[in-house]
1. Would you mind finding the one in GLU292, GLU316 that is assigned to a helix (DSSP H, G or I) and among the charged types (D, E, K, R)?
2. Condition (residue is assigned to a helix (DSSP H, G or I) and either touching a Leu at 6+ places or on another chain (Cβ under 8 Å) or polar (S, T, N, Q) (or both)) applied to the range 225-236: is it met by at least one residue?
3. Test HIS321 against the criterion of being touching a residue at least 12 places away in the same chain (Cβ under 8 Å) and under 23 Å from the mean Cα position of the chain (by Cα), and give yes or no.
4. How many of the residues making up the range 1-24 are of a type outside the set (Asp, Glu) and in a helix (DSSP H, G or I)?
5. If I filter the range 132-145 down to residues being modelled with pLDDT of 95 or more and out of contact with any Gly (no Cβ under 7 Å at 6 or more places or on another chain), which single residue comes out as surrounded by the most Cβ atoms within 10 Å (Cβ to Cβ)?
6. Under 6 Å between Cβ atoms, at least 6 apart or on separate chains: pull out the pairs that start in the range 166-185 with a residue that is under 12 Å from ASP349 (Cα atoms) and end on any residue that is of a type in the set (Phe, Trp, Tyr) and buried (at least 21 other Cβ atoms within 10 Å of the Cβ).
7. Taking only the range 356-385 into account, find how many residues are part of a strand (DSSP E or B) and either surrounded by fewer than 21 Cβ atoms within 10 Å (Cβ to Cβ) or charged (D, E, K, R) (or both).
8. So, in the range 241-263, exactly how many residues are surrounded by 15 or more Cβ atoms within 10 Å (Cβ to Cβ) and assigned to a loop (DSSP other than H, G, I, E, B)?
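The values are calculated or read from the model by the stated rules, or taken from the named source; none is laboratory data. Here the structure is a predicted model, which means the values were calculated and not measured. Because the Cβ atoms are built from the backbone with ideal geometry, glycine has one as well, and the counts that use them run over all protein chains shown.
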Amino acid sequence: MPAPQLQKMLGDLIATPSVSSTASALDMSNEVVIDLIADWAEAAGFSVRKLAVQGEPGKFNLIATLGKGSGGLVLAGHSDTVPYDEALWRHDPFQLTEVDGRYYGLGSSDMKSFLALALEAAREVDPTTLKRPLILLATADEETSMSGAKALAAQDLSHARFAVIGEPTGLVPINQHKGMMMEAIIYRGQSGHSSDPSLGNNALEGMYQLMGELLTFREQLQHQHRNEAFKVPFPTLNLGHIHGGDNPNRICGECELQIDLRPLPGMTLATLRQQLRELARQVASERKLHCEFRELFAGIGAMQTERSAPIVQAAEALTGHSATTVAFGTEGPMLNALGIDTVILGPGDIAQAHQPDEFLALERIPPTIALLRQLIERFCQRERA
């Protein structure tokens, strides 16, 4: 039985909940979505592998391959969505609804639809014409931990050389984005009566000193690193949340600061986390405070695929847009780390992502399918120099 028609695939994907969330009460398995895509891919002639994500019960990746050999093209997307507030939706988030030239539904823009469009683009491909394989990749938990992409190993995609991740970019190719990490720093001192500072050790005052050190560190980073391709052309460090003490007449015994740091391409999360922690330890040592750390978000690295990469050049030529940057993160750095040159390029709009009444404009569908077919022809069917 052949794969269903496009509208049926879109409708089934939207109708199948696959929310990923850091809140366990909201988090769901993505297995049913993966099974749907696997069935459709098998019907289209793909060889299918369903891979459990280690340490994440109920979470799966899918790698479906059409053709043989190496140097192939990956069409990639994540199978999960963010949580939703149904009371704010005018349309059923789990029903594909066509109104005024738009398909409404949770995941329509970000980014279940891309997986169906990729299968539609592959529908007319004759496997005997493929000189290099076409690979469909669907991952788990991109919206939270990115555990699906992090679980991929070189051997999983050893036959791939180039990739398109169909995140919502309005069909404009993206070759760079910043990274992101979140960290909590906790100082513990000694509480006591506020009338006599010698009775305690004020953790809040120690955190005040550290905040000054962090702002100086931020200035140093922004002086040393700059990339004019970005709207905000330097790394950012935000002091986003602080809490300490419990009463004005008590010396603050404990204080926690939470920060968000977004590095440019070329900056590594491990180095930045080490530098942050060293600063915090130095201040804690000076003030005889106990220091602890908590990773609020282990982070995703910044992405940079060179403009000279064939996949970037092809995306620019076929869309008529120069590759640019975005502020949001993707699974691109994980694929690049596996030796796969990656461009971010999809039909949705980021303004629709994570919003009530998320939609995909119908007018984006034909050009997306045409674009993907041209990329398949160029990277999988054409002789390569």
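1. Testing whether each residue is assigned to a helix (DSSP H, G or I) and among the charged types (D, E, K, R) leaves just GLU316.
2. No.
3. Yes.
4. First pass over the range 1-24, keeping only residues of a type outside the set (Asp, Glu): 1-11, 13-24.
Of the ones still in play, those that are also in a helix (DSSP H, G or I) are 6-11, 13-15.
Result for the range 1-24: 9.
5. Here is the first cut: in the range 132-145, the ones modelled with pLDDT of 95 or more are 132-143.
Still in the list and also out of contact with any Gly (no Cβ under 7 Å at 6 or more places or on another chain): 136-137, 143.
Numbers: LEU136: 24, LEU137: 28, GLU143: 20.
Taking the candidates together, the pick is LEU137.
6. As it stands, the answer is GLY166/PHE114, since those pairs meet every condition given.
7. 1
8. Looking only at that region, the number is 5.
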